[in-house]
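Single-structure report; data block below.
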Amino acid sequence: MKTEVLNPNKDRGAILLAARLLKNDEIVGIPTETVYGLAANAFSPRAVNKIFEAKGRPSDNPLIIHISNYDMWEELVTNIPDVAKKLAHEFWPGSLTIILPCKNIVPRETNGGLNTVGVRMPRNKITLDLIEKCGFPLAAPSANISGSPSPTSSDHVYKDMNGRIPLILDGGMCEFGLESTVITFSDDKIKILRPGAVTPKMLGRFGEVEIDKAVVSALSSDEKPISPGTKYMHYSPNAEVVMVKATSDENFNNFIEKIKLTDNKKKYALIFNDKIPPDLDYLTYGDTEEEQAKNLFAMLRELDSMGAEKIYVRAPSSEGVGLAVYNRLIRAAGFNIIET
Ligand code: TXA
Ligand code: MG
């Protein structure tokens, strides 16, 4: 299959072409403000199965459904509690996925056979327009091969999906760069299953917030995750990732001095900035939590293309948006964390 990449801002027919493909049960790469998604008609088991096939994704891992208006939400879920309505009005369109009990209309292929469904209204204009033109909501996971870093540009999607899907809509680089915040409600609390651009503090204005244990730690093998996606090794480049918690640049650089001679793998550092560079080839991913969120996945992919075999990443702060960066990085590192 030939994979076309079209930019709807330059090619006016691109969104109509995408809608036509989706109506015919094909799957299409779409831009969102978080990461690129791989979209299918959420109501079509045949189309949704193509997503799992293209990604190599385990079929028990549920997909998020993307909507463009509130009527679509009501069509999908049995009841929308007040707090959920308030959260949607505050954060939609945007990077918040809300899990609620679902109606039978949601096929088991889409929600992994659970009795709930995660829904979000993305902020990207191209994708909102596309959903409107389709007239049905779009199930879409991140558009990467299962397990690898999520794509934040159409080039990343092309790299992973070339030959597997007919079309990618190019909407430029993703604004935020990490996947949406995923929440559920338990005992009247807002429970964060996956941190993202919508932070615990922002959610805290709407009720008591609890952060699921799996967000910052590994579950033991006998614990069952609420969000099936958290049990898989995730976001990993081909290179082995080690997360290094260092209190200062000097501290990090001393650590690099020591490990430099340990094995003869092709090693790189991924650090915040180049003010005090380590004695090792490196890339930077930014000083602020927002920059780090935007650049992390792109830099991990970049290091892969440079032939890295081992990457030592300076650990980010886990405050605010940093919690999302930290959460992705501990998974990319397979929980291999060194404190120095
Ligand atoms: O920003 C995003 O959320 C991106 C863009 C494309 O919208 N999508 C995305 O989808 O990250 P995906 O499939 O890569 O991640 C969805 C996560 C998985 O960890 C999955 O297990 C969880 O959300 N999830 C989805 N539906 C769920 C449900 N009903 N109950 C529990 N967890 C759910
Ligand atoms: Mg994903």
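The values are calculated or read from the model by the stated rules, or taken from the named source; none is laboratory data. The model shown is predicted, which means the values in this text are computed figures rather than measured ones. Please note: Cβ atoms are built from the backbone with ideal geometry, for glycine as well, and neighbour counts cover all protein chains shown.
Summary table
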{"quantity": "Test: residue 198 is buried (at least 16 other Cβ atoms within 10 Å of the Cβ), assigned to a loop (DSSP other than H, G, I, E, B) and more than 16 Å from ligand 2 (Cβ to nearest atom)", "calculated": "yes"}
{"quantity": "Complete set of residues in the stretch 52-81 that are farther than 19 Å from residue 112 by Cβ and polar (S, T, N, Q)", "calculated": "68, 69, 79"}
{"quantity": "Some residue of the stretch 119-137 being farther than 28 Å from residue 25 by Cβ and assigned to a loop (DSSP other than H, G, I, E, B)", "calculated": "no"}
{"quantity": "Residue in the stretch 173-191 that is farthest from ligand 1 (Cβ to nearest atom), counting only those that are outside any strand (DSSP E or B) and under 17 Å from the mean Cα position of the chain (by Cα)", "calculated": "173"}
{"quantity": "Matching residues, the stretch 108-121, being more than 9 Å from ligand 1 (Cβ to nearest atom) and either within 23 Å of residue 12 (Cβ to Cβ) or surrounded by fewer than 18 Cβ atoms within 10 Å (Cβ to Cβ) (or both)", "calculated": "108, 113"}
{"quantity": "Near pairs, Cβ below 9 angstrom, 6+ apart or cross-chain, from the stretch 74-85 (under 20 Å from residue 43 (Cα atoms)) to any residue that is part of a loop (DSSP other than H, G, I, E, B) and not hydrophobic (A, V, I, L, M, F, W, C)", "calculated": "75/103; 75/137; 76/103; 76/137; 77/103; 78/103"}
{"quantity": "Residue ranges of strands (runs of 3 or more DSSP E) in the stretch 1-113 with at least 3 members more than 16 Å from ligand 2 (Cβ to nearest atom), touching a helix residue (DSSP H, G or I) at 6+ places or on another chain (Cβ under 6 Å) and more than 30 Å from residue 188 (Cα to Cα)", "calculated": "none"}
{"quantity": "Inter-residue pairs, beta-carbon under 6 Å, first closer than 24 Å to residue 296 by Cβ and in the stretch 32-59, second at pLDDT below 95 and hydroxyl-bearing (Ser, Thr, Tyr), 6+ apart", "calculated": "55/146; 56/146; 57/146"}
{"quantity": "Residue identified as within 16 Å of ligand 2 (Cβ to nearest atom), surrounded by fewer than 17 Cβ atoms within 10 Å (Cβ to Cβ) and outside any helix (DSSP H, G or I) among 225, 237", "calculated": "225"}
{"quantity": "Single residue of the stretch 47-88 satisfying the filter (of a type in the set (D, E, K, R) and farther than 15 Å from residue 27 by Cα) that is nearest to ligand 1 (Cβ to nearest atom)", "calculated": "60"}
{"quantity": "Yes/no for residue 327 being in contact with a helix residue (DSSP H, G or I) (Cβ under 9 Å, 6 or more places away or on another chain), in contact (Cβ under 8 Å) with a residue 12 or more places away in the chain and surrounded by fewer than 21 Cβ atoms within 10 Å (Cβ to Cβ)", "calculated": "no"}
{"quantity": "Identity of the residue in the stretch 11-68, surrounded by fewer than 20 Cβ atoms within 10 Å (Cβ to Cβ) and modelled with pLDDT under 95, that ends up farthest from residue 155 (Cα to Cα)", "calculated": "60"}
{"quantity": "Residues of the stretch 122-138 that turn out to be under 20 Å from residue 196 (Cα atoms) and crowded, with 24+ Cβ neighbours inside 10 Å, as a count", "calculated": "2"}
{"quantity": "Criterion: out of contact with any Lys or Arg (no Cβ under 6 Å at 6 or more places or on another chain) and at pLDDT below 95 - qualifying residue of 171, 163, 147", "calculated": "147"}
{"quantity": "Evaluation of residue 247 against (1) closer than 24 Å to residue 176 by Cβ; (2) more than 16 Å from ligand 1 (Cβ to nearest atom); (3) of a type in the set (Val, Ile, Thr); (4) not in a strand (DSSP E or B) (one fails), failing number", "calculated": "(1)"}
{"quantity": "Unique residue being without any contact (Cβ under 8 Å) to a residue 24 or more places away in the chain and closer than 18 Å to residue 318 by Cα when the list is 249, 287, 274", "calculated": "287"}
{"quantity": "Hits in the stretch 257-271 - residues which are buried (at least 17 other Cβ atoms within 10 Å of the Cβ) and closer than 16 Å to residue 307 by Cβ", "calculated": "267, 268, 269, 270"}
